[in-house]
Amino acid sequence: MEKANIKRSGCLAAGVNALNAYIGPGKTPEDYAEYAMRDAKGIARRDLLVSMSRRLNRAASEMEKLGLTILKEDGNVAMRGDRNVKINGENIKPLLAAGVLREKRIQVLNRVNVYDLIVKDGTVVGALGAGVFEDELYVFHAKAVLVATGGAAGLYKPNHPGDSRHKMWYPPFNTGSGYAMGIRAGAEMTSFEMRFVALRCKDTIAPTGTLAQGVGARQVNVLGEDYSRKYGVATSDRVFGTVEENRLGRGPCYLKTEGISKEQDRDLMAAYLNMAPSQTLRWLETVPPSMRNVEIEGTEPYITGGHTASGYWIDEGRGTTLPGLYAAGDVAGGCPQKYVTGAFAEGEIAAESAVAYVEGVSLELGEDANFRVQRHLRGEGLENPEDLEKEMQEAMDQYAGGISQGYRYTGESLAIADGKIKELAERAEKLRAKSPQELLQVLELEDKLLVCESVIAHLDFRKETRWRTFAEREDCPGTRDEYEGFANSRRNGNKIEVFLRKLEVPYVC
């Protein structure tokens, strides 16, 4: 079930120009796991990383069989750095969809928004959905359910609010619904405080990795000083360095591209057409990157388990703490830096585990009442979801570490954010929908608010600053030994309860 259409939905809708998770020549899956552990400052699951990494190259090979163009050099895969493979990936999602539609035993329901799980005696036995354009409610009974819905965008006020709010790094249609349905059902979640802030080309919000790795562009401030390694080399450190240089009056900051060759100009323009054509258009309208450095900035924070460790707490088979429920990709926690091939690998692992699980269970019919939907279909509402969403984004931006605050927050500011989000959640319950599209907006807003509440609870729990910018707590600088572990949570009634799961093996960087 897909609320859009599988041919152009999710993170890969516009394409991608590299597979960022690949085991290059002379490297091993364990090497990749070590890289991800180091980047996450030790708060990641090595067992999940290794099991994923062992399937990365096979996932790339399977995509090539489906028709994906993987670039070659002297007959070998064209590498971009140690872990990335160059591709022509504008059509990656249509190729995936075509592969799915060829399978006779798979039924695809496009334009169906799945918004809640059906739980019976602590076991997931199905899901509830609503038509995006049709006046239809769906009840799905299942022996097992796999959630692969993507992470959460739109929680914070974006770089470009108003009519340009769609110009963001992560798809605006990934609204955290996969997280929210698990939180409501009582699943254990992890690491929502490990937010992800992407370093992107200013205005277009296009990826910067193609510049940094493709042509070796270094991060420089307005004085021309290279600060690439001054603040550290982890993903969060690179963003923090840019924020800090701007704060200290040494911005704007850039990726140094002046002086690259005309051939590199052409390669960059072609590469960005595969994933972010707005950047290519910007160069064509102004000057190419060889003539002007590319200004960079941070995005608003996102919650995404494909880059950080946020998501469901899972076992090695990608089973959640609720029997019958499996998670893969951006909603699966504990396994950062999976990107495209890692998400594919995880989906395969989860599917294999689900198949093994259903062989031993019978189909159960759980409670299928659409209470949450029904309350939004009766009577008249006094507010609309768009106004409440703007208030939500303002509150998260100002009090929970958004762009306007340099991503910084304190315990006191989080308490204010929590109060505002809970008030908005109460008001959201009174929203009414007159069409399927309005119902979709209302349900997505409720999901975002619940994820916001979880993010705030996690940020407040971790009283340290382990990941610069990602979790920049001004009243708790530095790291503390008592937080060497995972901040996990469960919803108990209407309260998000956060607790620590210690690392099984202490990580040493």
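Would you confirm whether any residue within the stretch 20-36 is farther than 24 Å from ILE314 by Cα, among the polar types (S, T, N, Q) and out of contact with any Leu (no Cβ under 6 Å at 6 or more places or on another chain)? The answer is no, given that none of the residues of the stretch 20-36 is farther than 24 Å from ILE314 by Cα, among the polar types (S, T, N, Q) and out of contact with any Leu (no Cβ under 6 Å at 6 or more places or on another chain). Note on the stretch 209-250: among residues that are of a type in the set (Ser, Thr, Tyr) and touching a Lys or Arg at 6+ places or on another chain (Cβ under 6 Å), the one that is nearest to GLY81 (Cα to Cα) is SER228. Scanning the stretch 454-467 for residues that are part of a helix (DSSP H, G or I) and crowded, with 23+ Cβ neighbours inside 10 Å yields a total of 5. TYR507 falls short on exactly one of the conditions (1) of a type outside the set (A, V, I, L, M, F, W, C); (2) surrounded by fewer than 14 Cβ atoms within 10 Å (Cβ to Cβ); (3) at pLDDT below 95, and that condition is (2).
If you filter the stretch 1-50 down to residues that are of a type in the set (Val, Ile, Thr) and outside any helix (DSSP H, G or I), you find that the one that is modelled with the lowest pLDDT is VAL16. All told, ARG184 meets the bar of being among the basic types (Lys, Arg) and over 29 Å from VAL85 (Cα atoms).
Being of a type in the set (A, V, I, L, M) and without any contact (Cβ under 8 Å) to a residue 60 or more places away in the chain is the filter here; which residues of the stretch 216-250 pass it? VAL222, LEU223, VAL233, LEU248 - these are the residues of the stretch 216-250 that are of a type in the set (A, V, I, L, M) and without any contact (Cβ under 8 Å) to a residue 60 or more places away in the chain.
Of everything in the stretch 364-401, what is within 20 Å of PHE461 (Cα to Cα) and either in contact with a helix residue (DSSP H, G or I) (Cβ under 6 Å, 6 or more places away or on another chain) or of a type in the set (A, V, I, L, M, F, W, C) (or both)? Give them in sequence order. Quick ask: steps written out before the conclusion?
Pass one, the stretch 364-401, residues within 20 Å of PHE461 (Cα to Cα): 395-401.
If the condition is that a residue be within 20 Å of PHE461 (Cα to Cα) and either in contact with a helix residue (DSSP H, G or I) (Cβ under 6 Å, 6 or more places away or on another chain) or of a type in the set (A, V, I, L, M, F, W, C) (or both), then ALA395, MET396, ASP397, TYR399, ALA400 are the ones that fit.
When every residue of the stretch 338-348 is checked against the conditions, at least one turns out to be part of a loop (DSSP other than H, G, I, E, B) and modelled with pLDDT of 95 or more. Taking the criterion of being more than 23 Å from the chain's Cα centre (by Cα) and over 23 Å from LEU325 (Cα atoms), the residues of the stretch 104-151 that qualify are LYS104, PHE133, GLU134, ASP135, GLU136.
Identify, please: which residue in the stretch 273-296 is among the aliphatic types (A, V, I, L, M) and over 24 Å from ILE92 (Cα atoms) and is, among those, surrounded by the most Cβ atoms within 10 Å (Cβ to Cβ)?
Narrowing the stretch 273-296 to residues among the aliphatic types (A, V, I, L, M): 273, 275-276, 281, 284, 287, 291, 294, 296.
The next check asks that each one be over 24 Å from ILE92 (Cα atoms); those that pass are 284, 287, 291, 294, 296.
On the way: LEU284: 10, VAL287: 12, MET291: 13, VAL294: 21, ILE296: 23.
Going through the qualifying residues, I end up with ILE296.
Restricting the stretch 366-392 to residues that are of a type in the set (A, V, I, L, M) and more than 29 Å from the chain's Cα centre (by Cα), the residue that is farthest from LYS420 (Cα to Cα) is ALA369. Only one of the numbered conditions (1) over 30 Å from ILE314 (Cβ atoms); (2) over 21 Å from the mean Cα position of the chain (by Cα); (3) surrounded by fewer than 22 Cβ atoms within 10 Å (Cβ to Cβ) is not met by GLY232, and that is (1).
Step by step: first the residues of the stretch 339-353, then only those that are hydroxyl-bearing (Ser, Thr, Tyr) and within 16 Å of the chain's Cα centre (by Cα), then the one that is farthest from ALA60 (Cα to Cα). Which residue is that? Explain how you work it out, then say what you get.
Within the stretch 339-353, the subset hydroxyl-bearing (Ser, Thr, Tyr) is 339, 341, 353.
Now drop any that are not within 16 Å of the chain's Cα centre (by Cα), which leaves 339, 341.
Details: TYR339: 12, THR341: 6 Å.
Residue satisfying both the conditions and the ranking: TYR339.
Mind checking which residues of the stretch 467-481 are within 21 Å of the chain's Cα centre (by Cα) and either among the basic types (Lys, Arg) or under 18 Å from SER413 (Cα atoms) (or both)? Show your work before the answer.
Our first condition is that a residue be within 21 Å of the chain's Cα centre (by Cα); within the stretch 467-481, this holds for 467-472.
Scanning the stretch 467-481 gives ARG468, THR469, PHE470, ALA471, GLU472.
Taking ALA417, is it closer than 21 Å to ALA180 by Cβ, in contact with a helix residue (DSSP H, G or I) (Cβ under 7 Å, 6 or more places away or on another chain), in contact (Cβ under 8 Å) with a residue 12 or more places away in the chain and part of a loop (DSSP other than H, G, I, E, B)? Working first, answer last.
On the way: closer than 21 Å to ALA180 by Cβ: yes; in contact with a helix residue (DSSP H, G or I) (Cβ under 7 Å, 6 or more places away or on another chain): yes; in contact (Cβ under 8 Å) with a residue 12 or more places away in the chain: yes; part of a loop (DSSP other than H, G, I, E, B): no.
Criteria not met by ALA417.
Looking for whichever is within 17 Å of the chain's Cα centre (by Cα), closer than 17 Å to ALA343 by Cα and either surrounded by 16 or more Cβ atoms within 10 Å (Cβ to Cβ) or in contact (Cβ under 8 Å) with a residue 12 or more places away in the chain (or both) here; the options are ALA60, ALA18, ALA36. Which one fits?
Numbers: ALA60 fails: within 17 Å of the chain's Cα centre (by Cα); ALA18 fails: within 17 Å of the chain's Cα centre (by Cα).
Within the list ALA60, ALA18, ALA36, the selection yields ALA36.
Could you identify the single residue in LEU424, LEU431 that is modelled with pLDDT of 95 or more, outside any helix (DSSP H, G or I) and not charged (D, E, K, R)? Even if it seems obvious, please write down each step before you answer.
On the way: LEU424 fails: outside any helix (DSSP H, G or I).
Sole residue among the options that is modelled with pLDDT of 95 or more, outside any helix (DSSP H, G or I) and not charged (D, E, K, R): LEU431.
For (1) out of contact with any Cys (no Cβ under 8 Å at 6 or more places or on another chain); (2) among the aromatic types (Phe, Trp, Tyr); (3) part of a strand (DSSP E or B); (4) loosely packed, with under 15 Cβ neighbours inside 10 Å, each residue gets a yes or a no:
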residue: LEU440; (1), (2), (3), (4): yes, no, no, no
residue: LYS448; (1), (2), (3), (4): yes, no, no, no
residue: PHE486; (1), (2), (3), (4): yes, yes, yes, no
residue: VAL498; (1), (2), (3), (4): yes, no, yes, no
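Identify all residues within the stretch 93-135 that are among the β-branched types (Val, Ile, Thr) and under 23 Å from CYS11 (Cα atoms); write none if there are none. If you could, list the steps in order and put the result at the bottom.
Kept after step one, since they are among the β-branched types (Val, Ile, Thr), are these residues of the stretch 93-135: 100, 106, 108, 112, 114, 118-119, 123-125, 132.
Residues satisfying the conditions are VAL100, ILE106, VAL108, VAL112, VAL114, VAL132.
If I filter the stretch 474-481 for residues that are of a type in the set (Val, Ile, Thr), surrounded by fewer than 18 Cβ atoms within 10 Å (Cβ to Cβ) and out of contact with any helix residue (DSSP H, G or I) (no Cβ under 6 Å at 6 or more places or on another chain), do I get at least one hit?
Pass one, the stretch 474-481, residues of a type in the set (Val, Ile, Thr): 479.
Filter again for surrounded by fewer than 18 Cβ atoms within 10 Å (Cβ to Cβ), leaving 479.
From the residues that got through so far, the ones that are out of contact with any helix residue (DSSP H, G or I) (no Cβ under 6 Å at 6 or more places or on another chain) too are 479.
Checked the stretch 474-481: at least one residue is of a type in the set (Val, Ile, Thr), surrounded by fewer than 18 Cβ atoms within 10 Å (Cβ to Cβ) and out of contact with any helix residue (DSSP H, G or I) (no Cβ under 6 Å at 6 or more places or on another chain).
The values are calculated or read from the model by the stated rules, or taken from the named source; none is laboratory data. This one's a predicted model, so the numbers in the text were calculated from it and none came from an experiment. In this analysis, Cβ positions are derived from the backbone assuming ideal geometry, glycine residues included, and neighbour counts consider all displayed protein chains.
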